[in-house]
Amino acid sequence: PQVLHWSHLCANRHKDLADLQSASLAVLFFRWAMPTACRILSRRATAVVSRTRHKSSIIAPASSPSAPPPGFPRLPLLGSLPWFSNLSLPDGSSVQSLDEQHESWAEGTRRHGPVWRVGIPGLGKGISGDLTLCADPREFVKVLQAEGKYPYGAIQLQWPFIVWATKHGRTVGKLFTRSEDWRHIRHGMQKSILPPAAAAGYAAIIGTTGREVVLNAPLWDDAGSFMSRASFDLFAGLALGRRIRASDPRPGASLPEDERFCVDTIEALDLLPDVIQDLPSIAMSSLGLESPMMKRYFRAVSGALDYAEAQVREMLARLDAAEPLSTAEEASYLASTVRTQRAAAAAGAADALTDDEIVASVSVALVASVDTTSSIATWVLAHLAREPEVQQRLREEVAAALQQHAGSLAAVIEEELPYLKAVVRETHRLTPALVISSVKEVDADIDLAGHRIPAGSLVALENHSLQMSEALVEQPRAFRPERWLAGAVAERKGTPAELIDHPLLSAPFSAGARKCPGSRVATLEVRALIAGLVHNWRIGLVDERQATVPYRCQTTIAPTMPRLRYEPLTEESRAVAEGLPPRGGGGVCAP
Ligand code: HEM
């Protein structure tokens, strides 16, 4: 499987067919000719690296200024595969590189120090690949300062989507470029969603939708599936002003076409990492052909985006015909974008978005908003289900805030409750949904912790090792939201441990000009889901013995959720629980 991961990274980095083809050849080589050699090399290399393991501090400066960063050896075509694919950990266990990202990238930093290199063919320059990892956020600031006018962005890793958009001549492909086209669309699309005031304008609809969707949680066997549907419902509510009841699995709850859209989007997001890693897809794509898996992915993407675009176009037509919109539609991201962009066009602004560009940006936002938001919320739920005391403290904070705001969830999520914020922050520290959240290409030579990084290098922020370091965090494997409360943060100030409070580590949205445009509304959505859930339900594990949370790396890293038990605590949740069979159907409702 790790070989397939390499293939995905190979292919991701290659924009045109020639590049894709050379990546495919490398992958064919890895996949079919080299597995045995790799296994032998890997065993030997692991032994050598273990003997010479560099016991470096993750925040120590480099000893020889201007030296290139240390790291795993790199071979032509194989990159660091023999050394990095199967890492042995200090406790004697081993991890499968990108499959077990929480451990593997952090282990690279433990071995080599705060700035290190790994060769992943196709990722970065040269036939060995060349990715620099930086685990010190203070140093990574220099990378962001050198990201250039058209920065590298994480979405460029999604080559199957780029192939689809190019083949179908879709305007949305412009957002995936590093050009004036990206700047133009990005600038227009973020205006009505990223500024604090714009995002706060959606709190009301997020609060209203959130109240309803959290009641559906026990109707699902798998809390992860519930969260992805609930994320759809929330974002569709704010983007279109429409209620898509995807989180309610009862017959007749959602419209068939809305349900189809959900199924297509989820299928596309599920298939994307598989296509990215699929050897026949990479090889056939380099020849301009479509593998069976690509055909399925393209069908799902077309289904999802065609539907999203049709919704957006329908509303544009209603606006043109001056038809009345509902209050929610009036307040939606789409209506706001149309108003802003049409006003700019009327005032003669050359950079106003065209209708096609508006359609493209709102549609892609609908798709982009799902998997990410649900991964974060699912991880939070995974921890809360195991930590009854944390859950109770959070419930009390939410109850007090609801009482203060006459029961308004919208007001509560706008307020930034300290304990809720700490719970989400602790989740991000212990189990990030993206260990590598920021990947940038530097456009000038820079110095990182005393190491020379030439212009054109690809550098990623590794956000996990520092936050799991025993030197900086007490009992780093324990889930302790209290470490993020004001008193604890103030106590760390002026000590080496204050490094964990660096803004670049505080959230998973990256930074710089390509920072996630949905970051603020996503934060409100996660708050609404978690606050609403603990208010309505006492949540626990059906099997209390499930101490660890397995996870899988898809587009994000999402936990494989154990079955949950929901005890209703409010009138509304009791009504839902009464309608459920005592055991079975979805999650289990306690009497
Ligand atoms: C908790 C939920 C979310 C997380 C963790 C997340 C994370 C990210 C990250 C790490 C990036 C890459 C930034 C970079 O390349 O430097 C990104 C990009 C992006 N996100 Fe999000 N995101 C979330 C929710 C959303 C939502 C709700 C939207 C809807 C507007 C959205 C739309 C996008 C788009 C369009 C991009 C590409 C931006 C560009 O390349 O200029 N995301 N997101």
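The values are calculated or read from the model by the stated rules, or taken from the named source; none is laboratory data. None of the values given here were measured: they were computed from a predicted structure. Cβ placement follows ideal geometry from the backbone for every residue including glycine, while neighbour counts extend to all protein chains displayed. Accessible surface is based on the protein model in full, side chains and every heavy atom, while ligands, DNA and RNA are left aside. Shrake-Rupley method; radii C 1.70, N 1.55, O 1.52, S 1.80 Å.
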Which one of these is touching a Gly at 6+ places or on another chain (Cβ under 6 Å) and more than 19 Å from LEU384 (Cβ to Cβ): ARG574, ARG514?
ARG514
In the range 133-150, residues that are in contact with a Phe, Trp or Tyr (Cβ under 9 Å, 6 or more places away or on another chain) and under 27 Å from GLU180 (Cα atoms) total 1
Kindly establish whether ALA352 is modelled with pLDDT of 90 or more, open to solvent by less than 50 Å² (accessible area, probe 1.4 Å) and assigned to a loop (DSSP other than H, G, I, E, B).
yes
Please enumerate the residues belonging to the range 321-337 that are open to solvent by less than 30 Å² (accessible area, probe 1.4 Å), more than 16 Å from the ligand (Cβ to nearest atom) and in a helix (DSSP H, G or I).
GLU329
Can you pull out every residue in the range 435-461 that is under 19 Å from ALA513 (Cα atoms) and not β-branched (Val, Ile, Thr)?
SER437, SER438, LYS440, GLU441, ASP443, ALA444, ALA455, GLY456, SER457, LEU458, ALA460, LEU461
So which residues in the range 208-223 are out of contact with any Lys or Arg (no Cβ under 9 Å at 6 or more places or on another chain) and surrounded by fewer than 21 Cβ atoms within 10 Å (Cβ to Cβ)?
THR208, ARG211
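Results for (1) part of a loop (DSSP other than H, G, I, E, B); (2) more than 15 Å from the ligand (Cβ to nearest atom); (3) closer than 27 Å to SER438 by Cβ, shown as yes or no for each residue.
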| position | (1), (2), (3) |
| --- | --- |
| ALA197 | no, yes, yes |
| SER254 | yes, yes, no |
| ARG260 | no, yes, no |
| LEU269 | no, no, yes |
Out of the range 334-363, which residues are hydroxyl-bearing (Ser, Thr, Tyr) and within 27 Å of the chain's Cα centre (by Cα)?
SER336, THR337, SER361, SER363
Here is a list: ALA460, ALA513, ALA528. Which entry is under 23 Å from the mean Cα position of the chain (by Cα), of a type in the set (A, V, I, L, M), within 16 Å of the ligand (Cβ to nearest atom) and assigned to a loop (DSSP other than H, G, I, E, B)?
ALA513
GLY540 vs. criteria near the ligand (Cβ under 10 Å from one of its atoms) and open to solvent by 10 Å² or more (accessible area, probe 1.4 Å)
no
Pick from the range 490-510, criterion of a type in the set (Gly, Ala, Ser) and assigned to a loop (DSSP other than H, G, I, E, B), ranking: nearest to the ligand (Cβ to nearest atom):
SER510
Those residues that are in a strand (DSSP E or B) and modelled with pLDDT of 90 or more, I need them from the range 103-134; list them, please.
VAL115, TRP116, ARG117, VAL118, LEU131, THR132, LEU133, CYS134
Scan the range 421-436 and report the pairs whose first residue is among the basic types (Lys, Arg) and whose second residue is within 13 Å of the ligand (Cβ to nearest atom) and open to solvent by 10 Å² or more (accessible area, probe 1.4 Å), with Cβ atoms within less than 9 Å and a gap of 6+ or a chain change.
LYS421/ARG527; ARG425/SER506; ARG425/ALA507
Criterion first (in contact with a helix residue (DSSP H, G or I) (Cβ under 8 Å, 6 or more places away or on another chain), part of a helix (DSSP H, G or I) and without any contact (Cβ under 8 Å) to a residue 24 or more places away in the chain) does GLY188 satisfy it?
no
Can you confirm whether VAL442 is within 27 Å of the chain's Cα centre (by Cα) and within 16 Å of the ligand (Cβ to nearest atom)?
yes
Under the condition of being touching a strand residue (DSSP E or B) at 6+ places or on another chain (Cβ under 8 Å) and among the aromatic types (Phe, Trp, Tyr), which residue from the range 54-102 is modelled with the lowest pLDDT?
PHE84
Among the residues in the range 307-314, are any open to solvent by less than 10 Å² (accessible area, probe 1.4 Å) and assigned to a helix (DSSP H, G or I)?
yes
ILE205 is checked against (1) open to solvent by 10 Å² or more (accessible area, probe 1.4 Å); (2) more than 15 Å from the ligand (Cβ to nearest atom); (3) more than 19 Å from the chain's Cα centre (by Cα); (4) within 30 Å of VAL576 (Cα to Cα) and fails just one. What number does that condition carry?
(2)
Considering the range 149-172 alone, what residues qualify as being open to solvent by 20 Å² or more (accessible area, probe 1.4 Å), away from the ligand (no atom under 12 Å from the Cβ) and not hydrophobic (A, V, I, L, M, F, W, C)?
LYS149, THR166, LYS167, HIS168, GLY169, ARG170, THR171
Those strands (runs of 3 or more DSSP E) completely within the range 368-457 that have 2 or more residues that are surrounded by 19 or more Cβ atoms within 10 Å (Cβ to Cβ) are 436-441, 451-453
